[in-house]
Structures are given as structure tokens and as C-alpha cells.
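A short worksheet on the structure shown next.
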Amino acid sequence: NALPFYASGLVVKGFGRGSKDLGIPTANFSSDVIKNLPENVGTGVYFGWAQVENSEIYMMVMSIGWNPFYNNTEKSMEIHILNKFDNDFYGSNIKIKVVGFIRPELNFNSVEELVNTIHSDIEYAIQKLENTDKNDEYFNL
Ligand code: ADP
Ligand code: MG
């Protein structure tokens, strides 16, 4: 069990498969960040905290995996931050602290089923994080 673990890196362009159109934009990490994850971190959906450059620390949900719904051939690591941003932040540095595991990767029969599951992932993350301390010396003050 690798939890908690930390990662940081630049936000890159994703696969452009329209996460934003589903109302769930995901900031994608570059492949060198994925390669540097602890070895025992498996695929699946996780939750934790995220900081964009020197921003405040936000709750996030993260997916690591092959995203079977889209038949990806590339491994991906992407985070949805639980905050409404006025602008995109491609090229920014993000620091994350991954605190818990939610579920393994799943296959979905429809986009609606996928979106509903992500919404319940978000509810679960909020419930787990809301009474815990987000402050960590890893983050920028
Ligand atoms: P891509 O395929 O390029 O990752 P997305 O549709 O997943 O495109 O959108 C991701 C981008 O949206 C992020 O890189 C970031 O710049 C922006 N963004 C805006 N709000 C958020 C948010 N709450 N969480 C994550 N990314 C966000
Ligand atoms: Mg994305």
C-alpha cells in the first residue's frame, strides 16, 4: 500500500476526448510524472489534495489507468479539481497529495453511467476529506 503518496509536474494537453464537455475537466500529467510514481501504485480512482502553482489547496479526484471506456493505449494520470476555475491552466505546475483509494478501473456501457459514477466518486471524496487537514509541508505556503 503506497498511500499517501505525492507527485508534482506540469499540466499537459490530454487526449482531447471532451472531459470538459462532460462537466468534468481533468488536468493531465505528463508521462514522466507517471513513470516516477511509486512502483506499487495501481490503476484506479483515488482522492486527495491538489495545489496549482501557489493556489490554495483544493480537494481532487484522480484516475490512473488505461481508461477502458475510450480504449486508450496510453497510460494516463489525470485529476479533476473540486473548484471552478475561470481559466485553463495548461503548463502550470501541480502538486498533489494522494490520500485514499476509491475504486478500480471499470468499464461503462454509456457516457451517462460513466458520469454518474464519477459524481459518486466526487461525493465519496468530499465525505472522506471534509474533516481532515489539507495542510502539508509538501505544498507551497
Ligand atoms: P484535456 O484532454 O486537454 O485534458 P480536458 O477536457 O480534460 O482536456 O480539460 C482539462 C483542462 O481544463 C485542464 O488542463 C485545465 O487547464 C482546465 N481545468 C479547468 N477547470 C479544471 C478543474 N476543476 N480540474 C481540472 N482541470 C481543469
Ligand atoms: Mg483531461
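The values are calculated or read from the model by the stated rules, or taken from the named source; none is laboratory data. Keep in mind that this is a model prediction, so the values were computed, not measured. Using ideal geometry, Cβ is built from the backbone for each residue, glycine included, and neighbour counts are taken over all protein chains shown. Side chains included, ligands, DNA and RNA excluded: accessible areas come from the protein's heavy atoms. Shrake-Rupley method; radii C 1.70, N 1.55, O 1.52, S 1.80 Å.
From the set of residues in segment 1-12 that are at pLDDT 95 or above and within 16 Å of ligand 1 (Cβ to nearest atom), which is most open to solvent (accessible area, probe 1.4 Å)? Among residues in segment 1-12 that are at pLDDT 95 or above and within 16 Å of ligand 1 (Cβ to nearest atom), the one most open to solvent (accessible area, probe 1.4 Å) is Leu10. Take the conditions (1) away from ligand 1 (no atom under 14 Å from the Cβ); (2) surrounded by 18 or more Cβ atoms within 10 Å (Cβ to Cβ); Ala50 misses just one of them, which is (1). Is it the case that some residue within segment 104-114 is among the small types (Gly, Ala, Ser) and either surrounded by 15 or more Cβ atoms within 10 Å (Cβ to Cβ) or modelled with pLDDT of 95 or more (or both)? Checking segment 104-114: not a single residue is among the small types (Gly, Ala, Ser) and either surrounded by 15 or more Cβ atoms within 10 Å (Cβ to Cβ) or modelled with pLDDT of 95 or more (or both).
Which ones in segment 13-61 are over 25 Å from Thr117 (Cα atoms) and modelled with pLDDT of 95 or more? Val52, Glu53, Asn54, Ser55, Glu56, listed by residue number. Checking each residue in segment 13-37 for being more than 14 Å from ligand 1 (Cβ to nearest atom) and polar (S, T, N, Q) picks out only Asn36. Cβ-Cβ contacts under 9 Å between residues 6 or more apart (or on different chains), taken from a first residue in segment 1-25 that is free of Cβ contacts under 8 Å to residues at least 60 places away in the same chain to a second residue that is open to solvent by 50 Å² or more (accessible area, probe 1.4 Å) and within 9 Å of ligand 2 (Cβ to nearest atom), are absent.
Residues that are surrounded by fewer than 15 Cβ atoms within 10 Å (Cβ to Cβ) and among the hydrophobic types (A, V, I, L, M, F, W, C) within segment 91-103 are absent altogether. Quick test of your reading of the structure: Asn40 fulfils all but one of (1) away from ligand 1 (no atom under 13 Å from the Cβ); (2) in a strand (DSSP E or B); (3) open to solvent by 30 Å² or more (accessible area, probe 1.4 Å). Name the failing condition by number. So Asn40 meets the others, but not (2).
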